Amino acid sequence: MADGDDYTAKDIQVLEGLEGVRKRPAMYIGDIGKRGLHHLIYEIVDNSVDEALAGHCKNITISLKADGSCTVKDDGRGIPTDIHPKTGKSALETVSGTLHAGGKFEKSAYKVSGGLHGVGMSVVNALSEWMEIGVHRQGKIHALRYDYGKPKDATKIIGDTTYRGTIVTFKPDNKIFQITEFDFDYLTERMMELAFLNKALRIILADERTDRKEEFFFEGGIVEFVAHLNKVKNKLHPTFYIMKKAADVEVEFAVQYTDAYTETIYSFVNDIKTIEGGTHLVGFKTALTRCINDYVKNNKSAKDKAAKEEKKITGDDALEGLTAVLSIKIPEPQFEGQTKTKLGNNEVKGIVDSISFDALKTFLEEHPDDAKKIMMKVTSAMEAREAAQKAKELIRRKNIFETSVLPGKLADCSEEDPSKSELYLVEGDSAGGSSKQARDRRFQAILPLRGKILNVEKATINRVLASEEIRNIVLSLGAGFKDDFDLKKLRYHKICIMSDADVDGSHIRTLLLTLFYRYFKPVVEAGYIYITQPPLYKLKKGKTEQYAYSDEQSEQINQQLGGNCEIQRYKGLGEMNPTQLWDTTMDPEKRTLKKVTIQDAIKADELFTILMGEEVEPRRAFIQMHAVTVKNLDV
Ligand code: 0RA
């Protein structure tokens, strides 16, 4: 090849042919692990979805074959096969055999102008042991095969057909990929998402290795996406949907408020999930906030107007409890950010803003009952925010937790060194009573908790502070709370949550973990929180007594003792007498404590949308499924 000045762009193109893809696969598909492997399927499917976007394809089937290959079949127009007079090649050969424009790792773009899709196909070809393409077009089947990216033959007509569409099969090259086994479950989320985003497109995912099959078809598109996201939530009104186009930008969104305290917004550009957001999302959120502020201003009664000063609803207030899917289509997206999932096109912000504002304004005007519920939600969000701010200031001013008075319900220990002191948080007064008798009062303190702990996720800070149980915990720990928490003042370095080994006990544990995670995070981070492990059974044979902490262990002990043991099942801590409680659960020599990690606490915190949703059924199912999953961990 030429050197120096003769080195032209044309040469670079040759250098960066399919061989280049094989040399640096990660540059084209991200990585060569599980993600990269599945990315191959996404590349091929995206082409078929483009054909669906162009209005010519209704069904896409992805089959995972027994030999490790994957077939993607669509019923689009079929990739054109006629030979281009200038290149001497068909479009089919070009898209599959050469690294054409846009072939790099930048995802297929929506072809508003109807250009040749097929982006990514050559990359998949280059990274496959073999690839076969069948095009059913104008009554003929056109076939083309590659081995390691090299064509075996020219495109051939191999028969007649009444079908119309494109069928691509490829087998990932095990010399390139660290793993080559496709994972059915890994693919379902994206395929479902694509089906939500392209209404009335049917996507079938079939695993011929296991006979599993999933079909995704959503006539309602993103309206059904929102319904899916809100399945376990309390919805305040029917979903509002709009689709509008302006200046080459197609904007579509579906919104529904719930009584939740968090926002859930999924945004997409050309079917690509914009995890980092971008100009489209900014436009949407700005419009929503402005629209809600305007509505409140214009719909205030005369009395309100006279009585109240103007209060501003912030973006956070306006978004609280909102579930939305925003999907836009634009001709030339510019993706930015760490993961290239942030839309950068500046012109998009204003377009999305004005379409969203007009649509939301009309929706509120035409649905006054829904509007009323939404306004109640956002104003209560605003009030809660203001009240929280006031409460915080009040705590600072009055230092209400600076008092050294300990709560009456706390049975404290005599030890004063926190590193040697333990606090037991005990569910129920009766278990509280027996643990007070059981403990070693030199270093073990007991705080009984009555009934359920307040769910701090749902409550404002004022209500949290109004809860006697929580105030008792704050005062017992003696180190303040939330932003004013001081780990150095903490009175115990072991805080043991002692609750029954049943569903209610597990619920209380989750509530306490959430409380600690939100209000005393440093305690969790320091590793000072533990969960006690009371036994489930007592087995008795003659004079011998033994405790079992699981069904398996109970069976094992029963056999060891010669079978026919008298087995007592402990339903709650209250059924044990103080001696038993000491022997099984509190004696540092014999007990098992599970140390709570920050991950455990985060998980508990996350459970709350499901646990605390108002709909009872999913919640009950969930609690039962996860009730007794605390792993044993010896300390
Ligand atoms: C450009 C033009 C035409 C079809 C396609 C692209 C096409 C590409 C792919 C890739 C996977 N499946 C596909 N299906 C269709 C057809 C133009 C015409 O027939 O007029």
(request) Considering only region 346-368, state which residues are among the polar types (S, T, N, Q) and closer than 22 Å to PRO331 by Cβ. (result) ASN346, SER354, SER356
(request) For ALA247, state whether it is exposed (fewer than 15 other Cβ atoms within 10 Å of the Cβ) and closer than 24 Å to THR341 by Cβ. (result) yes
(message) Out of the residues in region 74-99 meeting the condition of being of a type in the set (Ser, Thr, Tyr), assigned to a loop (DSSP other than H, G, I, E, B) and in contact (Cβ under 8 Å) with a residue 12 or more places away in the chain, tell me which one is farthest from the ligand (Cβ to nearest atom).
(response) THR98
(request) Out of the residues in region 514-565 that are more than 22 Å from ASN472 (Cα to Cα) and of a type in the set (D, E, K, R), state the one that is surrounded by the most Cβ atoms within 10 Å (Cβ to Cβ). (result) LYS538
(request) Go through region 197-252 and count every residue that is touching a Ser or Thr at 6+ places or on another chain (Cβ under 7 Å) and under 14 Å from THR61 (Cα atoms). (result) 5
(message) Contact list please: Cβ distance under 8 Å, first residue in region 467-491 and crowded, with 20+ Cβ neighbours inside 10 Å, second residue β-branched (Val, Ile, Thr) and part of a helix (DSSP H, G or I), pairs at least six apart or on different chains.
(response) ILE470/VAL464; LEU477/VAL523; GLY480/VAL474; PHE481/VAL474; LEU490/VAL523
(request) Spot the failing condition for ASP369; the list is (1) within 26 Å of the chain's Cα centre (by Cα); (2) assigned to a helix (DSSP H, G or I); (3) charged (D, E, K, R), and only one is missed. (result) (1)
(message) The conditions are (1) buried (at least 17 other Cβ atoms within 10 Å of the Cβ); (2) modelled with pLDDT under 80; (3) of a type in the set (A, V, I, L, M, F, W, C); (4) farther than 24 Å from ASP502 by Cα, and MET382 fails exactly one of them. Which is it?
(response) (2)
(request) With the checklist (1) within 21 Å of the chain's Cα centre (by Cα); (2) at negative phi in hand, flag the one item GLY283 doesn't pass. (result) (1)
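Would it be correct to say that TYR261 is at pLDDT below 95 and among the aromatic types (Phe, Trp, Tyr)?
yes
When you check LEU18 against the structure, is it in contact with a Gly (Cβ under 9 Å, 6 or more places away or on another chain) and of a type outside the set (Val, Ile, Thr), yes or no?
yes
Table: residues versus (1) away from the ligand (no atom under 16 Å from the Cβ); (2) loosely packed, with under 13 Cβ neighbours inside 10 Å; (3) among the polar types (S, T, N, Q).
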site: GLU129; (1), (2), (3): yes, no, no
site: HIS142; (1), (2), (3): no, no, no
site: LYS156; (1), (2), (3): yes, yes, no
site: THR161; (1), (2), (3): no, no, yes
site: ARG164; (1), (2), (3): no, no, no
site: GLN178; (1), (2), (3): yes, yes, yes
site: GLU181; (1), (2), (3): yes, yes, no
site: TYR186; (1), (2), (3): yes, no, no
site: LYS199; (1), (2), (3): yes, no, no
(message) Test of understanding: among GLY68, GLY78, which residue is modelled with pLDDT of 95 or more, of a type in the set (Gly, Ala, Ser) and exposed (fewer than 15 other Cβ atoms within 10 Å of the Cβ)?
(response) GLY68
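The values are calculated or read from the model by the stated rules, or taken from the named source; none is laboratory data. Small disclaimer: the values here were computed from a predicted structure and weren't measured. Cβ sites come from the backbone with ideal geometry, for glycine too, and all protein chains shown count toward neighbours.
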